[in-house]
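The values are calculated or read from the model by the stated rules, or taken from the named source; none is laboratory data. Just so it is clear, the structure is predicted and the values come from calculations on it, not from any experiment. Using ideal geometry, Cβ is built from the backbone for each residue, glycine included, and neighbour counts are taken over all protein chains shown.
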2 protein chains.
Amino acid sequence: MAEQAERVVPLTDPPAEDEKGPSKSALKKAAKDKEKAEKAAKRQAAEEAQKKEAESSDISKNDYGELPTDGAWPSDFPSKDEVPRVQLPRLEEYLAEIASKAETPGGPHVVFRASVENARSQSAKLAFLVFSRGGASIQAVVAASDELSRQMVKFCSSVPAESYVLVHGLVKEPKEPVKSTTIQMLEVHVKKLFVEGKAEAQLPMQVADAERPIPVEGEEEAVDGRPIVTLSTRLNNRVIDLRAKHNHAIFTIKDGVVALFEEFLRSQGFRGIQTPRLLGAASEGGANVFEVKYFATKAFLAQSPQLYKQMLIAARFEKVFEVGPVFRAENSNTARHLTEFTGLDMEMEFEENYHEVVSLLEELMLFIFNGLKERYKRETDLVRSIYHVEDFKLPSAGSVPRLPFSEGIKMLREAGEELGDFDDLSTPQEKRLGALVLEKYGSDFYVLDEFPLAIRPFYTMPTASTRASYNHDKPNVGYSNSYDFFMRGQEIMSGAQRIHNAAYLEKRMKEHDTPVDPNGEGLRDYVAAFRAGAPKHAGGGIGLERIVMLWLGLPNVRLASLFPRDPGRLAP
Amino acid sequence: MAEQAERVVPLTDPPAEDEKGPSKSALKKAAKDKEKAEKAAKRQAAEEAQKKEAESSDISKNDYGELPTDGAWPSDFPSKDEVPRVQLPRLEEYLAEIASKAETPGGPHVVFRASVENARSQSAKLAFLVFSRGGASIQAVVAASDELSRQMVKFCSSVPAESYVLVHGLVKEPKEPVKSTTIQMLEVHVKKLFVEGKAEAQLPMQVADAERPIPVEGEEEAVDGRPIVTLSTRLNNRVIDLRAKHNHAIFTIKDGVVALFEEFLRSQGFRGIQTPRLLGAASEGGANVFEVKYFATKAFLAQSPQLYKQMLIAARFEKVFEVGPVFRAENSNTARHLTEFTGLDMEMEFEENYHEVVSLLEELMLFIFNGLKERYKRETDLVRSIYHVEDFKLPSAGSVPRLPFSEGIKMLREAGEELGDFDDLSTPQEKRLGALVLEKYGSDFYVLDEFPLAIRPFYTMPTASTRASYNHDKPNVGYSNSYDFFMRGQEIMSGAQRIHNAAYLEKRMKEHDTPVDPNGEGLRDYVAAFRAGAPKHAGGGIGLERIVMLWLGLPNVRLASLFPRDPGRLAP
C-alpha cells in the first residue's frame, strides 16, 4: 500500500511542459493529484494506526509473519530437542516410528519447511492450506482460538501459492480423508507459520498446469476448463514447470541412469576421464560444429569425446568412460534433437574380438534398465501415469537380440520395405524394424551389428571379409565392425571397433566417402597416438536424454533436459 | 624395405620440366635413378627369396609376427581353458593362487597383452625384452632352442619400444632378481609373440623421459646424461607423456576425487544435475566469457553452473550437485590457471544457518581427503616420489579450522603484512596465511568465513549485522555469509549463502560495485525464479584440478588435466 501511495504523489515541482509554463488543465490535474495524495496519505496513516493497534492486541504476533531477508530462524521457535524437524516425505514414517511411544497431548508436534500449494479462507476464524515438499503434500488447518488470533488466520489464508514457509504444527487425524493431497489420513494444525520465500501473487504459469502432459500439436485447446500450457510456455517458465511432480521424477531417473552407468563401469575396472570440450580444430568433420572465439584465434566445441577417448586408450588407459556435455550445431527442429546433450561415453581394449565389447555394453544397458525397474519404480510409474506408454520389454540376460545389419534389411524387405543392401535406415524404417524385432523376439531393446562401412565414420574398422575382398575402386563397399543399440525402435547408442593401426587409419581417412586429411590440424595428434603403438579397442557413445525419453516414453527429448537447447532456444 | 625401393623408382614418364623438354642433367639424373632402382629391385628380390627360404625352414614361423589389421587373435593360440589370460598387474597374485596346485612342467603358462618397454638382442640366440602394463613390468627372455628359431629371436629383439604385443610364455624364477622391473622375482620365457600395435622406431619423446618431474624454469639442462623434457614438449606429445606411471596415478586419483565427491553427496540425498554450457547471455558478468557462433545469433560458454543450480533450488530440487566442464576466457598464463577445467558444484537448502552448509562441505572435503589416503595411497605415494612434497596434514573431524576473514587479516597483520580490513588477499598473502594456519592449527586444510561483501558476487547474502547497519551511500561495506576453502594456502572452493528474495536480489544487483541489470538477458529468468518463491540456500564450487594439484603438490595445474587448455594451447 505504501508503494501505491508513493506513486500517486505529484512531484513538488511539476516538470515544465514547455517554455510557456504549465497549462490550465495541468494546474487542475496537479490540484486533483494533490487532493488524491492527501487522501491516500490519510488512508495510509489510518491503516497503519489500525495495524499497530491490531498488532499490540494480537496474541499471535510472534507466531507468524515474514522471515528476515536471510531467512534467519525465528528466535522463539522450538529447538530441535523440543520438536523434531520432520519433512513431509518422511512424516508418515516418523509417526509410525513414534506410535509405540507415549502419546503427546493434542497430537505429535512437528516442525517442517515446505511450499504452499494453495491457501484459502473458510471464514474469519478458519483457513485451509496445502503444504508440499518432495512429492508429498498435506492439508493444514489454521483455526482461531484463545491461542491463535484472527489476524494470523487472515495472514495464513493470504500466503500466495508457491511461497516457501516454515511451519510448527500438531499432526492430527482429519475428520474425513483428504482427497487432494498425497497424505490423506493426517492433517497439520498450524501453531506457527513464517514465510521464508514469498511468491508473487501472479505467476506466469501454474504448477498445476505443468502437472498435465504437454499437448499434442493441434490440440492446444483447454480441457476440463483448464488452460493447456504448451511446451514452449513451460520451457520459458522452466523453474515453475520443473516443480511438477513428474518432472522431479524424470530428473531423479536421469540421475539414476548416470549413477547406474558409472556404478557398472567402475565395477568393471573403468576409469572416469575428463576430455576437453574446446578443440583447436573441427576434428570429426567440419559440419555441425560450433565455433568459439578463442583469444586471437578460434576454437570448436566437441561433438563427442571420440578422438580423445581413443587417444587415452593409446596412452594405455585400458578402459575409460566419460559423462559430459556434447554439442551439435545441427539445425534440426525435431522432437528428438538437441544442440547440447549429455554423452555417456566408453572405450576399452579387448582381447580377441570386438563382440566382447558389444556383450559388455549389452550387460551395461541391462544393468541400467533393471536398476531403473528396481530402484526407480515409483518415479517411473509416476511419469508413465502422465505420459501413457507400454511397459519397456526387456530380454533376459544373455539373450539380447543381436542382428547383423543384413538380417535387419531382410526383415524390413519381407515386411514390404524397399531398400538396398547398404542403405542407411530412415527414422520410420528404424521404428518399423524395432516393431518387427519386438514382435519376433519380445524385446524393446536390441542391437544391430555390422553396419555398412560407407555409412560409418572414417575410424571404423571394416570386417575381415570386407578387408579381404578389398577393391581399390570401391574401397567403401562392404560391412564394418560397428553396431547401434536401439530402444523402442530408436537409436540410443552408436559404437564400433576403431582402427588402431596408424598407416591403415591414414589410408581409410583418405579413401572414405567423405575423405579427411590425416595431417589436418586436430587429426595429426590423433594419428600420432596410433604411431606410438596402440592396442585394439572398441567403444560407444550413448545419448543420456534419449535413454530417459525412451524409457519413459516421453513425446519430446526436451522433457528430458533441465534447460534444453535447440536452434531456437538458449534460455532460460 | 619395399616402401623404400618404391620411393626411388623414377616415374615412367618424367614430368615435363618446362616447354623445352628435359635438360641434359635431368636425363643424366634419370639414368642414374634408373640404375639405382634396378639395383634396389635386385636387392629386394634377393632379400625376399632369402626371406622365403628362411621362412620355409623357420620352425617358429607360426609363433611370431604382426597380427592382421584388426588385431584378430591368432588361430593356433592357446584357448582360455588351456592357458589362463593373466595381465601383468595380477601376475604375482595369480601365481600365489595356483602355488598350492600341481606344478606345471617348465613353469606356469600365461597369456597376456602388454606394451614393450624395450627390446635388445644379447646374441643371435638370445634376446631380452621388458613388458609392461598397468604400472607392472616384467623381464622376458627369448632364447633359441629346438622349438624356437633364431629368426624369432631376431624378430623379438627388434620390436620397437612402445609397441603393443600379445604374448604366450612360461613364468620362471630369474637367476638373479631383475632390478629394472617392478616384478623382480619372476621372468617370462616367451613361446609366442605377436605385435598387435606396432610403434614407430623414432618417437618424438620417450616414456622414460616423462617418468621424471617437469624441469623447474631455468633448469632445463640434461641431468645424468638424459635430456630434460620440458612441460611444453610433454604436452605436445601428451599420449606418450601420459603413459608415465605417475601420470596414470594422477588420473586415477582425479577420478577418485570425482567418485568420492559423488559418493558422499549421494549418501546425503543430493541429486546429480546437468545444466547447460551454452548460455544466451553472459550472465555472470561480461568479462572472461567465451563467445560462440550460434546459428544466426551468438551464445556464451558457462563460467560455472551457479545461476542454474540456484534456479533448480527454486524449482524445489533441495540438494543438487554437478560435475562438468567450465570455461574462463581469462588471459592468464600462470601455473594455476586453465581456460577449461572441471567444476565440482553443489547447492542446497538449509534449515537455520548457512553454517550447516559449511559444515557439510567440510565433511565432504574430509571424506575426499580420507578416501584418497585410504583408497589411493599407492598412487599418492607414487606421484609424491616424483614430485616431492610434505604429507598433507589433515584436521580431525569436527575440528577444521574455520576463521572469520577479519581474524585472517589480524593474523597477517601480526605477521607483518600491511592490508586493510576489506582488502582481498593476494596470492602470496593467501599462501602466507596458509602457513600461519598450519603453524597454529596443524592443518593444511582450513576455511575462511565471512568475506567482505564488496569482493563477492552480487548474489551473495550480506551478514545480518551488515544488513542492520546498511548505509545507502556505502552499500557494499561490511561482510557477507560467504567462505573460501583452502589447501596448502591456495583456494580450492568458493561458496556463500545466496540471496533468495527477488526484490532484495534486484537491489543488490543494482548497488553492487560492478552493477548488473536485473532485466538483462539471462538474468531475467534467474530473478524470476526467486519471484516464484524460493527457500534459503547456500553452496559452493570446487576446482577439481586444483584439488588434485594441491593434494599431490604438483608444480603446475596442467599436470592435473589430461589435455590442458590455456590461452596458448588448444591441442592435442
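Laid out as a table, the results:
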| read-out | value |
| --- | --- |
| Pick from region A:267-302, criterion among the polar types (S, T, N, Q) and facing chain B (nearest Cβ under 9 Å), ranking: farthest from A:Gly541 (Cα to Cα) | A:Thr297 |
| Matching helices (runs of 4 or more DSSP H) fully within region A:455-572 where at least 1 residues are surrounded by 17 or more Cβ atoms within 10 Å (Cβ to Cβ), among the acidic types (Asp, Glu) and under 18 Å from the mean Cα position of the chain (by Cα) | A:544-552 |
| Filter result for the condition that a residue is under 30 Å from B:Leu67 (Cβ atoms) and modelled with pLDDT of 95 or more, over B:Val257, B:Val190 | B:Val190 |
| Any chance A:Ser443 is surrounded by fewer than 21 Cβ atoms within 10 Å (Cβ to Cβ) and within 31 Å of the chain's Cα centre (by Cα) | yes |
| Residue satisfying condition, being under 30 Å from A:Phe369 (Cα atoms), within 14 Å of another protein chain (Cβ to nearest Cβ), hydroxyl-bearing (Ser, Thr, Tyr) and surrounded by fewer than 21 Cβ atoms within 10 Å (Cβ to Cβ), within set A:Thr182, A:Thr233, A:Thr252 | A:Thr252 |
| Residue pairs meeting the criteria (Cβ under 8 Å; at least 6 apart or on separate chains; first farther than 11 Å from A:Ser115 by Cα and more than 7 Å from every other protein chain (Cβ to nearest Cβ), in region A:191-202; second part of a strand (DSSP E or B) and hydroxyl-bearing (Ser, Thr, Tyr)) | A:Lys192/A:Tyr64; A:Leu193/A:Tyr64; A:Phe194/A:Tyr64 |
| Residue pairs meeting the criteria (Cβ under 6 Å; at least 6 apart or on separate chains; first within 8 Å of chain B (Cβ to nearest Cβ), in region A:549-572; second surrounded by fewer than 21 Cβ atoms within 10 Å (Cβ to Cβ) and not polar (S, T, N, Q)) | A:Arg565/B:Leu278; A:Pro567/B:Phe295; A:Leu570/B:Gly280; A:Ala571/B:Gly280 |
| Qualifying positions in region B:335-358 - surrounded by fewer than 22 Cβ atoms within 10 Å (Cβ to Cβ) and more than 21 Å from A:Pro68 (Cα to Cα) | B:Ala335, B:Arg336, B:His337, B:Phe341, B:Gly343 |
| For A:Val188: the one exception among (1) farther than 26 Å from A:Arg569 by Cα; (2) outside any loop (DSSP other than H, G, I, E, B); (3) within 14 Å of chain B (Cβ to nearest Cβ) | (3) |
| Conditions (1) surrounded by 14 or more Cβ atoms within 10 Å (Cβ to Cβ); (2) modelled with pLDDT of 95 or more; (3) touching a Lys or Arg at 6+ places or on another chain (Cβ under 7 Å); number of the one not met by B:Gly107 | (2) |
| Candidate set from region A:435-473 (those that are in contact (Cβ under 8 Å) with a residue 60 or more places away in the chain and more than 21 Å from A:Pro518 (Cβ to Cβ)); member that is farthest from the other protein chains (Cβ to nearest Cβ) | A:Phe445 |
| Close pairs from region B:68-82: first over 16 Å from B:Leu193 (Cβ atoms) and within 7 Å of another protein chain (Cβ to nearest Cβ), partner among the aromatic types (Phe, Trp, Tyr) and surrounded by 16 or more Cβ atoms within 10 Å (Cβ to Cβ), Cβ under 6 Å, at least 6 apart | B:Thr69/A:Tyr504 |
| Selection status of A:Lys36, in contact with a helix residue (DSSP H, G or I) (Cβ under 8 Å, 6 or more places away or on another chain) and either basic (Lys, Arg) or touching a residue at least 40 places away in the same chain (Cβ under 8 Å) (or both) | yes |
| Sole exception among (1) farther than 23 Å from A:Glu362 by Cα; (2) modelled with pLDDT of 95 or more; (3) in contact with a helix residue (DSSP H, G or I) (Cβ under 7 Å, 6 or more places away or on another chain); (4) away from every other protein chain (no Cβ under 14 Å) for A:Asp513, by number | (2) |
| Selection count, region A:303-318, where residues are facing another protein chain (nearest Cβ under 7 Å) and in contact with a Ser or Thr (Cβ under 7 Å, 6 or more places away or on another chain) | 2 |
| Test: residue in region B:156-167 that is in contact with a Leu (Cβ under 8 Å, 6 or more places away or on another chain), of a type in the set (D, E, K, R) and at pLDDT 95 or above | yes |
| Enumeration of residues in region B:534-548 that are more than 10 Å from chain A (Cβ to nearest Cβ) and more than 30 Å from A:Ala72 (Cβ to Cβ) | B:Gly543, B:Arg546, B:Ile547, B:Val548 |
